[in-house]
Each structure stands twice: as C-alpha cells, then as structure tokens.
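The values are calculated or read from the model by the stated rules, or taken from the named source; none is laboratory data. These numbers were taken from a predicted model, which means no experiment stands behind them. Note that we place each Cβ from the backbone using ideal geometry, even for glycine, and neighbour counts take in every protein chain shown.
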Amino acid sequence: MTTHGTRRRARRALVLGLVLATAVTTTGPAATAGPPPTPDFGPNVTIFGPDTPLSEIQATLDARHAAQVDAEMATARHAYLFLPGSYGNAEQPLQVKVGYYTEVSGLGASPTDVQVNGKIEVYNRCLADGGTGNCIALVNFWRTLSNLSLAINAAGQDGCRSSANFWAVSQAVSMRRLDVSGGTLSLMDYCTAGPQYASGGFIADSRLPNVVNGSQQQWLTRNSEIGGWSNAVWNQVFAGVVGAPDDAGFPAPPYTTLDTTPLSREKPYLFVDDRGRYQVRVPAARRDTRGISWGTGPTPGRTIPIRDFFIARPGDPVHVINRQLALGKHLLLTPGVYDVARSIEVRRPDTVVLGLGHATLTAVNGAVPLDVAGVPGVVVAGVTIDAGLRESPVLLRVGSRHGRDHSTPHNPITLSDVYFRVGGPHIGRTHTALEVNSDHVLIDHTWVWRGDHGVEGFTEGVNGDTDRWRTNTGRYGAVVNGDHVTATGLFVEHFQRYNTVWNGEHGTTILYQNELPYDPPTQADWMNGDVEGWAGYKVGDRVRNHTLHGGGVYVFNQNNPSIHTENGFEVPERPGVRLHHIMTVNLSAGTIDHVVNGVGEAADTTRVGAPVYVSEYPLP
C-alpha cells in the first residue's frame with residue numbers, strides 16, 4: 001500500500017520534473033550548431049534587429065504609443081528591445097514616442113552598441129477637451145529608456161519639435177546607460193500648450209548633451225556626464241556628475257551637488273554577446289564614484305547567462321517560481337500583471353530578480369508580494385508592486401525584523417527602479433509599502449505612491465464609502481529599520497501617517513521628494529497624537545547618525561484646505577543627524593507650519609509655489 005508520505009513525495013517529484021523540463025525548454029542552450037535560439041520572453045516583448053525594416057519598427061512603435069499614451073490605469077505592459085546595430089539615418093530618422101508601461105532598451109554590452117538616429121520622446125499628456133486641453137506632464141509615469149546611443153535628429157518635425165528631444169515625465173520614469181548627442185535634451189515639453197510643470201525624475205550612468213530642466217520640480221542625476229544644465233525649480237540634485245552645476249549659491253538656484261556618489265550599483269541589464277547569446281550583466285556595488293561606468297570598458301560586475309534565469313510569465317503559479325528560486329535560478333519577470341496570493345520568496349545570496357516592461361506584482365488576499373531575505377547581493381530591479389483589495393501588512397519586505405541579517409557592506413542588497421502603488425487602477429490597501437529591516441541596503445530610485453487619483457470604483461470599498469481616505473488606505477510609505485541603508489532617489493507620496501520613517505543608524509538619502517496626502521477629511525483625521533499632522537520625513541527619535549542631501553515636502557490639502565501639518569521634516573536633535581538643502585512648498589491648499597523641528601516659515605497659501613528653504617539643519 002502506498003502511504004500518504006510516499007504519494008506526496010511522488011507528486012513533488014512529478015512537479016519538480018515538470019518544472020525542470022519547462023526551464024530547459026525555455027532557457028536551455030541550443031541543441032544544434034549555429035546561433036543559439038532567442039529565449040521565449042512571451043508576447044509582450046518585441047525584439048528588433050538592424051535588418052528589420054525601419055518602416056516596420058516605426059509603425060510598431062507608433063501603434064503602441066497610440067494604445068498607451070492615455071493608458072495610465074490599464075494593464076498592458078510592453079518591452080521593445082534593440083539588438084546591436086544602427087537604426088535610422090540622417091534622411092530617415094527613427095522617431096519614437098513612449099507611452100505608459102513601456103520600456104525601450106538596447107541589447108548591447110555597451111550603450112554604444114545600439115545606435116538610434118532620431119528621437120525618443122515623451123510629450124505633455126492632454127487630459128481635457130477630447131485630448132486638446134489641460135496638457136501637462138505631471139502624470140507621465142511608468143516608462144523606461146536605457147542602454148543605447150541616441151543621435152538627436154528631428155528631420156521632418158515642425159519648428160518647435162525640432163528644437164530638442166523632449167522627455168517630459170514625472171515619477172517612476174528612469175533614463176539609464178544612455179549616450180545622447182547632437183542636440184538638446186529637454187525634460188519639459190514646451191511645444192504642447194507651452195511650458196507646463198513636470199514632476200520627475202531620474203537619470204543615471206549616462207552621457208548627455210546640454211539638458212534643459214525647465215519646469216521639472218525635482219530631479220536626481222547620478223553618476224553621469226552632462227554638457228550643461230539650465231533652469232531649476234525647487235529641488236535639483238546631482239551626485240557624481242561630471243559637468244554638474246555648482247551649488248554654492250543655494251537656494252538661488254536650488255542645486256545640491258555631491259562630487260561623488262557614496263554608494264552606487266547600476267541596474268542589471270539584458271544584453272546579447274558577440275556569439276548571439278543572451279546574458280544579464282549585474283554591475284558591482286561601488287563607493288565614492290563619479291561619471292559613467294562604461295566609458296573605458298565594460299561596467300564592472302558579473303555576467304549571468306540567460307539559462308540561469310527562470311523566465312516567468314503572468315499566470316505562472318508562485319509555488320513554481322519559488323521552487324525555481326530555491327533551486328538556484330534567478331528570476332526574469334516578462335511584461336504583464338502577476339496576481340500574487342503568497343509571497344515570492346528570495347532566500348539565496350546574489351539572486352537577481354529582473355522585470356521587463358514594468359512587470360507588476362499585485363497583492364491578492366492580503367499577501368506580501370515580494371519577501372527578500374537579509375542575505376548579500378540580492379538585486380531586485382524593474383518591478384512594480386501593487387496593493388490589492390485586502391490589506392497587506394507590507395508590499396516588499398527586505399530582511400526579517402527579528403531574524404539574522406547576513407548582508408554585507410561590499411555587496412549590499414539593491415533595489416533599482418522598484419515602484420509601489422496603493423490604489424489607482426483599483427482599490428489598494430496596505431499598512432506599509434516598503435519595509436527594510438536588513439543592514440547594508442541600497443535603494444536606487446523608487447516611487448512609493450498611494451494614489452491621489454485613479455479610475456472610478458472607490459464605491460466598491462467599505463460599505464459603499466466613497467471617501468478615498470477610508471477606502472484606499474496606506475499608513476506608511478517607506479520604513480527603514482536597518483543600519484547603513486542608502487537611498488539615491490527616494491520618492492514617497494500621499495501616505496496617511498509618516499510617508500518615510502527612518503529608524504536605522506548611518507542612513508543616507510540623496511534626493512527625497514514627498515507630497516503629503518491630498519485627502520484627509522478633517523484635521524482630526526490628520527493628527528499624530530497632540531501634533532497637527534505627520535511629517536513627510538521622520539528620522540527615529542533614537543537615531544544618532546543620519547544624512548539627507550536635497551529633500552522636499554509639498555502640501556496640497558485639496559479635500560480640506562484648512563488642514564495644518566506642523567513640520568515637513570522631523571528629526572532628533574543630535575549633531576550626527578544632518579539635513580542639507582531641504583524645503584517645503586505649498587501647491588495651493590493647506591499649510592506646513594515649519595520646515596523642520598519648528599524651524600522655517602510657514603508654507604501656506606500666501607506663498608503658493610514659493611518654497612521655504614533651510615540650507616542646513618542643525619542650523620550653523
């Protein structure tokens with residue numbers, strides 16, 4: 001007679017055999033001579049080669065932009081990848097517009113291996129009057145451009161459009177490993193209804209010509225080379241950038257410039273080697289760096305063959321993904337939305353989780369979609385995590401609150417272009433979005449967002465309550481409990497208590513951007529005990545060492561303009577806790593009474609759009 005234990009072992013063996021067979025079919029080496037086969041990345045990854053007719057590339061990308069330009073809350077996800085070679089020419093440039101949830105990336109080992117002659121752009125989005133009015137860039141989210149060279153060529157465009165390559169974006173948009181030449185890069189669109197505000201953004205590891213910042217409210221440029229930079233609005237930060245403007249006159253203009261970046265690790269990237277094999281390059285962590293990583297040779301790091309990845313698609317069971325991770329596979333998430341009812345568990349050191357085309361993990365039944373152990377070298381990159389209808393305790397947990405932590409300073413856990421969303425396309429609920437318990441973690445560009453707008457349907461919440469404050473819930477955005485955590489590009493918005501709480505020692509943030517929640521119904525709903533409101537950035541009362549370079553907290557109490565928040569920043573009074581170049585600003589409703597700990601004038605409706613700056617805290 002077969003025992004229950006024997007049957008369970010037999011079933012496990014069968015499942016394991018099927019999983020391994022699937023992995024070999026998907027990512028295994030070619031069985032015959034000749035170029036290795038292209039991995040099956042699923043229907044939402046399109047790969048172009050230099051022999052693909054330019055008209056076909058242009059038509060494909062035009063059609064995708066038309067489908068995605070207004071698809072802010074939709075579920076489509078796409079990646080367009082270019083094999084090494086040249087695309088477009090002086091007479092017939094390739095002119096690409098990039099919409100929501102779209103990645104455009106080169107597949108070269110170096111950015112110079114993929115050469116685009118033309119433009120790759122994002123314009124203002126027009127939200128009213130059938131797409132002709134209220135043209136802004138404030139909601140141009142979720143786009144990726146990386147690992148290619150762009151020779152700007154506006155042939156065939158009108159007078160205004162020919163003046164620059166426009167990249168008018170806001171949060172959750174990254175530009176990485178770019179080599180741009182031949183014109184001007186403008187971070188605002190001044191052709192569609194004139195200059196309008198944008199609220200980005202992030203550039204890293206790129207060589208750029210003159211950059212027009214224009215109306216961008218805040219921006220971080222890290223480890224790059226720029227030909228020049230013009231304009232600043234509220235908060236412009238440069239770290240390890242050759243050609244960065246001097247910040248001696250802060251806040252006129254409001255530049256914050258660090259000569260080097262204290263800790264950096266470039267985002268992993270997919271590439272094709274000279275034998276046609278797909279690989280993933282995982283850059284090494286580096287300290288006190290300046291300029292691009294690829295200028296004199298390959299970016300320092302290690303290369304992982306694609307056969308060592310489990311290539312997942314939406315619909316793959318989490319237990320299958322976890323089995324592959326436990327067997328030592330890395331994880332590549334192809335574009336799409338993954339419903340996650342139990343945690344994807346990353347337990348092995350040096351595991352890479354790489355998303356293409358803004359792959360999105362959505363919590364189901366209150367799950368924690370991604371749980372990363374406190375082990376060295378784990379890298380999570382290019383992944384968006386959504387809250388679901390039932391409250392999750394956290395959306396991404398790094399390390400256990402009470403477990404052993406084995407992360408190391410020379411090989412930190414790294415999160416690159418990892419984005420969070422609570423509400424928007426559907427109701428979302430979480431207690432905390434990002435929780436970092438491990439020591440030695442690098443957060444390299446994140447947007448942690450409790451939705452301030454979204455699709456209709458909030459009446460599906462509690463007892464038909466149409467009040468978003470009680471339906472679309474997120475208490476804390478980012479909670480950092482680990483020591484020696486560094487954040488380069490920390491954007492956190494609209495959470496219902498502290499947007500960011502930093503309890504760990506020796507933490508460093510380079511650019512912080514925050515909007516307080518728009519929707520507290522009353523002052524009573526926005527109280528921290530006897531204190532009016534919750535600071536946008538809180539350093540724990542016991543912390544003795546912390547550094548922030550370039551931080552802004554904005555207020556727009558749209559639902560109730562009479563609401564007050566006592567301080568934008570709240571920190572312990574210790575000499576080792578230092579804030580460098582911080583500000584608050586009123587966007588037209590509500591009041592922040594002080595910038596930090598009772599210091600700084602009120603950001604109220606008498607000075608809408610005019611920041612209140614504190615250059616150094618503690619005060620000199």
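Per-structure values
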{"quantity": "Lone qualifier among 84, 43, 35, 53 - being surrounded by 15 or more Cβ atoms within 10 Å (Cβ to Cβ) and either at pLDDT 75 or above or farther than 24 Å from residue 318 by Cα (or both)", "calculated": "84"}
{"quantity": "Whichever residue in the range 93-150 is within 20 Å of residue 196 (Cβ to Cβ) and among the hydroxyl-bearing types (Ser, Thr, Tyr) and, among such residues, is surrounded by the fewest Cβ atoms within 10 Å (Cβ to Cβ)", "calculated": "132"}
{"quantity": "Condition broken by residue 289, with the remaining ones in (1) of a type outside the set (Gly, Ala, Ser); (2) in contact with a Gly (Cβ under 6 Å, 6 or more places away or on another chain); (3) free of Cβ contacts under 8 Å to residues at least 60 places away in the same chain satisfied", "calculated": "(3)"}
{"quantity": "Filter pass, residue 348 being within 27 Å of residue 265 (Cα to Cα) and touching a helix residue (DSSP H, G or I) at 6+ places or on another chain (Cβ under 8 Å)", "calculated": "yes"}
{"quantity": "Test for residue 248: is it small (Gly, Ala, Ser) and either touching a helix residue (DSSP H, G or I) at 6+ places or on another chain (Cβ under 8 Å) or under 20 Å from residue 547 (Cα atoms) (or both)", "calculated": "yes"}
{"quantity": "Strands (runs of 3 or more DSSP E) lying entirely in the range 105-171 (those with 3 or more residues that are touching a Lys or Arg at 6+ places or on another chain (Cβ under 8 Å) and within 23 Å of residue 296 (Cβ to Cβ))", "calculated": "143-152"}
{"quantity": "Residue 541 vs. criteria over 24 Å from residue 236 (Cβ atoms) and touching a Lys or Arg at 6+ places or on another chain (Cβ under 7 Å)", "calculated": "no"}
{"quantity": "Yes/no for residue 211 being under 25 Å from the mean Cα position of the chain (by Cα), assigned to a strand (DSSP E or B) and farther than 26 Å from residue 551 by Cα", "calculated": "no"}
{"quantity": "All positions within the range 59-100 that are more than 18 Å from residue 143 (Cα to Cα) and in contact with a strand residue (DSSP E or B) (Cβ under 9 Å, 6 or more places away or on another chain)", "calculated": "83, 84, 85, 86, 87, 88, 89, 90, 92, 93, 94"}
{"quantity": "From the options 200, 183, residue that is more than 18 Å from residue 139 (Cα to Cα), touching a residue at least 24 places away in the same chain (Cβ under 8 Å) and in a loop (DSSP other than H, G, I, E, B)", "calculated": "183"}
{"quantity": "Close pairs (6 angstrom Cβ cut-off, 6 or more residues apart or separate chains): farther than 15 Å from residue 339 by Cβ and modelled with pLDDT of 95 or more in the range 350-374, in a loop (DSSP other than H, G, I, E, B) and of a type in the set (Gly, Ala, Ser) anywhere", "calculated": "350/377; 371/343; 374/399; 374/407; 374/438"}
{"quantity": "Hey, residue 552 small (Gly, Ala, Ser), within 17 Å of residue 604 (Cβ to Cβ) and modelled with pLDDT of 95 or more or not", "calculated": "yes"}
{"quantity": "Top-ranked residue of the range 337-367 - restricted to ones that are among the β-branched types (Val, Ile, Thr) and over 24 Å from residue 408 (Cα atoms), ranked as surrounded by the most Cβ atoms within 10 Å (Cβ to Cβ)", "calculated": "360"}
{"quantity": "Residue match in the range 176-188 (condition: surrounded by fewer than 22 Cβ atoms within 10 Å (Cβ to Cβ) and out of contact with any helix residue (DSSP H, G or I) (no Cβ under 9 Å at 6 or more places or on another chain))", "calculated": "yes"}
{"quantity": "Number of positions in the range 499-518 that are out of contact with any Gly (no Cβ under 7 Å at 6 or more places or on another chain) and surrounded by fewer than 21 Cβ atoms within 10 Å (Cβ to Cβ)", "calculated": "3"}
{"quantity": "Wholly within the range 218-311, strands (runs of 3 or more DSSP E) carrying at least 2 residues that are surrounded by 21 or more Cβ atoms within 10 Å (Cβ to Cβ)", "calculated": "218-222, 225-230, 235-239, 255-258, 261-264, 269-272, 278-283"}
{"quantity": "Enumeration of residues in the range 436-459 that are part of a strand (DSSP E or B) and surrounded by 24 or more Cβ atoms within 10 Å (Cβ to Cβ)", "calculated": "436, 441, 443, 444, 445, 446, 447, 448, 449, 450"}
{"quantity": "Residues being of a type outside the set (Val, Ile, Thr), more than 13 Å from the chain's Cα centre (by Cα) and closer than 19 Å to residue 387 by Cβ - total across the range 436-454", "calculated": "5"}
{"quantity": "Members of the range 413-435 found to be assigned to a loop (DSSP other than H, G, I, E, B) and surrounded by fewer than 24 Cβ atoms within 10 Å (Cβ to Cβ), listed by number", "calculated": "424, 425, 426"}
{"quantity": "For residue 142: the one exception among (1) out of contact with any His (no Cβ under 6 Å at 6 or more places or on another chain); (2) modelled with pLDDT of 95 or more; (3) not β-branched (Val, Ile, Thr)", "calculated": "(1)"}
{"quantity": "Which numbered condition residue 220 fails, given (1) under 30 Å from residue 368 (Cα atoms); (2) more than 23 Å from the chain's Cα centre (by Cα); (3) in contact (Cβ under 8 Å) with a residue 60 or more places away in the chain", "calculated": "(2)"}
